[in-house]
Amino acid sequence: MQEVRVFAPATVANVAVGFDILGFAIQRPGDEIVARRSTAFAGVRITAITGTGTKSLPTEVEHNTAGMAVLRLLEHLGLQHEVGIELEIHKKMPFGSGLGSSAASAAGATVAVNVLLGEPLTRESLLYFTVLGEEVADGSFHADNVAPCLVGGITLIRSNESLDIHHLPVPPSLHVAVVHPEIEILTRDARAVLSDSVSLKTAIRQLGSLASFITALYTNDLPLLSRSLQDHIIEPQRKTLITGFDAVQAAALERGALGCSISGAGPSMFALCDSGYLAQAVGQAMQAAFQQEGVDSQLYVSPINQRGVEVLSTTE
């Protein structure tokens, strides 16, 4: 194999009730990553980064999520001094959007290089290297974006330290509207506003919501899922970073969403719905609410993406 091109989807992390331990993949937007062999050098080089707002993204391998993930993969395989890999990163989602942009680049790059090398590792085995790449972006070792991006579906991370990851059932009618307002919030900044302490009463309420959310997925109980999508810890602290948050959330719920909250670190907001038609209507209502606040936005409507990173093409 000489060249592999992949698509890595955007993701919604936290899912209101599961800070750093829940995430799911959507169909669009996403990144395209190209990996190709080179005989001119050994190791990893990033030859191109394209897309809006990418001028600030580093091409130095050690400071780039995709580059670091691939470098650690090659080191694990003992090939860092034997194989030359060129990476092209084509960003097709907003930077600092709360849609797992850095995770998509890392996951896409590791899958592309693994295929390029003849797939010596399983998809699940790539997770560790992908998280190491993601860590470059925000300084935190967590898999709530990279896991669903890599393998698709809704994922539960029992432990980020050991990367004990589990697939959760996806109700067949479940769709999501994701609205990205023209606001930038970096993950590091969104983490900086969070308190290190939570009251016992609040923790109990959040644990109840998380447990019932997972129960709802296993039983396909959408009314229970709707009652469960209540974030008592993170949302109250972060929502002030998003202009018009309360109005947008209210618009989604009034239009019939099962629940609405912040996607990842924000500023994107997601609303889970029980049909694609309703998700479209809910998304438009959310956009209208943002517009009332003078904020332009982009809307993405999607079922839950069950595939994760997709191989688009290979060249022998």
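Values quoted throughout were computed directly from the atomic coordinates according to the rules given, and no laboratory measurement underlies them. As the structure is a computational prediction, the values presented were derived from the model and not from experiment. In this analysis, Cβ positions are derived from the backbone assuming ideal geometry, glycine residues included, and neighbour counts consider all displayed protein chains.
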Query - Nearest-ten-degree value, helix 127-138 long axis tilted from longest Cα axis of the chain - result: 70
Requested in this report: Starting from the Cα of Thr219, step 7 Å along the direction of its Cβ; do the same at Thr240; then give the gap between the two resulting points in nm.
Outcome: 3.8
**Report entry** Amide H contacts of Gly43 (H built 1.01 Å from N, under 5 Å, at least 5 apart or other chain)
**Finding:** Glu82, Val83, Gly84, Ile85
Query raised in the report: Most fluctuating residue of Ile185, Ile26, Ile89 in a GNM of the chain with Cα springs under 10 Å: which is it?
Result: Ile185
Query raised in the report: In whole Å, what is the distance between the alpha-carbon centres of segment 89-140 and segment 240-315?
Result: 23
Query raised in the report: Anyone know which of Gly133, Gly118, Gly84 comes out most mobile in the 10 Å Cα GNM of the chain?
Result: Gly118
Report task. Of the options Ala143, Pro9, Val83, report the single residue whose Cα projects farthest towards the positive end of the charge dipole of segment 3-168 (beta-carbon charges: Lys, Arg +1; Asp, Glu -1). Result -> Pro9
Requested in this report: Among DSSP beta bridges whose residues both lie in the chain, state the antiparallel percentage, nearest 5.
Outcome: 90
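Indicate the gyration tensor shape class of segment 113-215 (rounded, prolate or oblate), computed on the Cα atoms with a ≥ b ≥ c the square roots of the eigenvalues: a/c under 1.5 is rounded; otherwise a/b larger than b/c is prolate and the rest oblate.
On the way: a/c = 1.60, a/b = 1.34, b/c = 1.20.
Taking the square roots of the gyration eigenvalues as a ≥ b ≥ c, segment 113-215 is prolate.
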**Report entry** Spacing of the two label points (7 Å from each Cα toward its C-beta) at Glu161 and Arg205, in nm
**Finding:** 2.9
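For segment 175-303, what is the per residue volume of the convex hull drawn over the alpha-carbon atoms, in cubic angstrom?
Numbers: hull volume 12.9 nm³, N = 129.
Expressed per residue, the convex hull around the Cα atoms of segment 175-303 is 100 Å³.
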Report summary line: Partner lysines whose C-alpha sits under 30 Å from that of Lys55, ignoring same-chain residues fewer than 8 away, are Lys91, Lys92, Lys239
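Which whole-number percent is the relative contact order of segment 170-316 (Cα, under 8 Å, 6+ apart)?
Values: 234 pairs, mean separation 54.8, N = 147.
Across segment 170-316, relative contact order equals 37 percent.
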Report summary line: If the chain between Asp196 and Asp296 were fully extended at 0.36 nm per residue, the gain over the current Cα-Cα distance would be 32.7 nm
Requested in this report: Select from Pro94, Pro223, Pro181 the residue whose mean-square fluctuation is largest in a Gaussian network model of the chain (Cα-Cα springs shorter than 10 Å).
Outcome: Pro223
Report summary line: The size of the Cβ-based charge dipole (Lys, Arg +1; Asp, Glu -1) of segment 3-168 about the Cα centre, to the nearest 20 debye, is 480
Query raised in the report: Against the longest alpha carbon principal axis of the chain, how many degrees, from 0 to 90 and to the nearest 10, is the axis of helix 276-292 turned?
Result: 80
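Give me the Å³ per residue figure for the convex hull around the C-alpha atoms of segment 3-168.
Normalising the Cα hull of segment 3-168 by residue number yields 98 Å³.
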Query raised in the report: So in segment 44-187, what percent of DSSP beta bridges are antiparallel if you round to the nearest 5?
Result: 45
Query - Loop-located GluC sites (Glu not before Pro) in segment 65-165, at most 10 other Cβ atoms within 10 Å (DSSP) - result: Glu82, Glu161
Report task. May I ask for the angle, rounded to the nearest 10°, between helix 200-219 and the longest principal axis of the chain, with both axes built from Cα atoms and the value confined to 0 to 90°? Result -> 70
